[in-house]
């Protein structure tokens, strides 16, 4: 999973990036896109690793990217210089300043968010219109045109002209035909309000139309940045002092999974215990393909048990004796926490 971190000037994007990734490279990287990869904290994979004692334990991973000014290019009609860097992001974290620390004006979360939203929409509108122009030119030359693509683009343009992000229309945002355009406003969004150290509340403006339908949460960026530099023991004391349930890394990942509709399933064995990230609604056949195309091609059955049943049994042998293993077919919908052994034949 790749998450692009964007926001207006002074929002605290770099502070948030470093707090989440613990990458404190410093100002020398200011104009370059920065990448930071971390593993997804999951107590379930820790417990499974203790149970199976594998040679390797592989966590799911999240890659954060912080666009640099010189890595993007200004697109016609917009001031979005970081477009190029975030095209392939799976989702966007929009950092909004919600503090009035020294040197900053009174925060204006709704205005700041609206400005960024408009930039995303304008960029997408430019992409859609250019494609429509090419399609019309091809049609005039007698070339065959994909009618479904034309219809989907027309619907996108209608939404964008109305200043509505494409993500509001799941059938457009998730369309395979439109996927190649990497429309920015189609990507899932997490709005992250960067608060002052003592402020635990979402701004009142989240109740306004500007944030309707958005997933919002807060981060006390400066405080979390300090926490990220501390030892676990020091951090635990500060977490308790400031009433923070879990570090920002854990909370942002958890909320990002929910926003994107993601789950985790596991494969286990003596060689490897591994977490796999998947979309909700994934079939067993599609899950097999995530592991290897050969497993998908030769799929026979998915031997499945829930994480809770596995832990309750204490071992695979005990779970099988208890009858908590199930044999599922290709169309089985994988659930969060499923432990799956794929039977296949090539």
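The values are calculated or read from the model by the stated rules, or taken from the named source; none is laboratory data. Since this is a predicted model, take the numbers as computed values, not measurements. Note: ideal-geometry Cβ built from the backbone for every residue, glycine included; neighbour counts use all protein chains shown.
Tell me the residue from 176, 167 that is free of Cβ contacts under 8 Å to residues at least 24 places away in the same chain, under 25 Å from residue 90 (Cα atoms) and not in a helix (DSSP H, G or I), please.
176
Considering each of 255, 304, 249 in turn, give the residue that is in contact with a strand residue (DSSP E or B) (Cβ under 6 Å, 6 or more places away or on another chain), in the same structural domain as residue 39 (by TED's automatic domain parsing) and not in a loop (DSSP other than H, G, I, E, B).
255
Looking at 193, 169, which one is buried (at least 19 other Cβ atoms within 10 Å of the Cβ) and in the same structural domain as residue 123 (by TED's automatic domain parsing)?
Just one listed residue meets the conditions, 193.
Only residues in the range 320-344 that are over 10 Å from residue 305 (Cα atoms) count as the first member; pair them with residues that are assigned to a loop (DSSP other than H, G, I, E, B), Cβ under 6 angstrom, at least 6 apart or cross-chain, and list the lot.
The qualifying pairs are 334/282; 344/298.
Among the residues of the range 13-51 satisfying the criterion of being closer than 19 Å to residue 256 by Cα and in a loop (DSSP other than H, G, I, E, B), which is farthest from the chain's Cα centre (by Cα)?
My answer is 22.
With respect to residue 312, is the statement that it is surrounded by 15 or more Cβ atoms within 10 Å (Cβ to Cβ), assigned to a helix (DSSP H, G or I) and not assigned by TED's automatic domain parsing to the domain that holds residue 46 true?
Against the criterion (surrounded by 15 or more Cβ atoms within 10 Å (Cβ to Cβ), assigned to a helix (DSSP H, G or I) and not assigned by TED's automatic domain parsing to the domain that holds residue 46), residue 312 does not qualify.
Hey, can you tell me all the residues within the range 189-199 that are under 24 Å from residue 116 (Cα atoms) and not in a strand (DSSP E or B)?
Hits for the range 189-199 are 196, 199.
I need a count of the residues in the range 212-234 that are crowded, with 16+ Cβ neighbours inside 10 Å and part of a loop (DSSP other than H, G, I, E, B).
Here the count works out to 2.
Which residue, of 289, 281, is under 31 Å from the mean Cα position of the chain (by Cα), under 30 Å from residue 63 (Cβ atoms) and surrounded by 13 or more Cβ atoms within 10 Å (Cβ to Cβ)?
Details: 281 fails: surrounded by 13 or more Cβ atoms within 10 Å (Cβ to Cβ).
None of the other options fit; the residue is 289.
Determine if the range 51-62 includes at least one residue that is farther than 25 Å from residue 84 by Cβ and free of Cβ contacts under 8 Å to residues at least 60 places away in the same chain.
Pass one, the range 51-62, residues farther than 25 Å from residue 84 by Cβ: 51-60.
Still in the running and free of Cβ contacts under 8 Å to residues at least 60 places away in the same chain: none.
Scanning the range 51-62 turns up no residue that is farther than 25 Å from residue 84 by Cβ and free of Cβ contacts under 8 Å to residues at least 60 places away in the same chain.
Among the helices (runs of 4 or more DSSP H) lying completely within the range 77-161, list those that include at least 3 residues that are over 26 Å from residue 257 (Cα atoms).
Counting at least 3 such residues, we get 109-140, 147-161.
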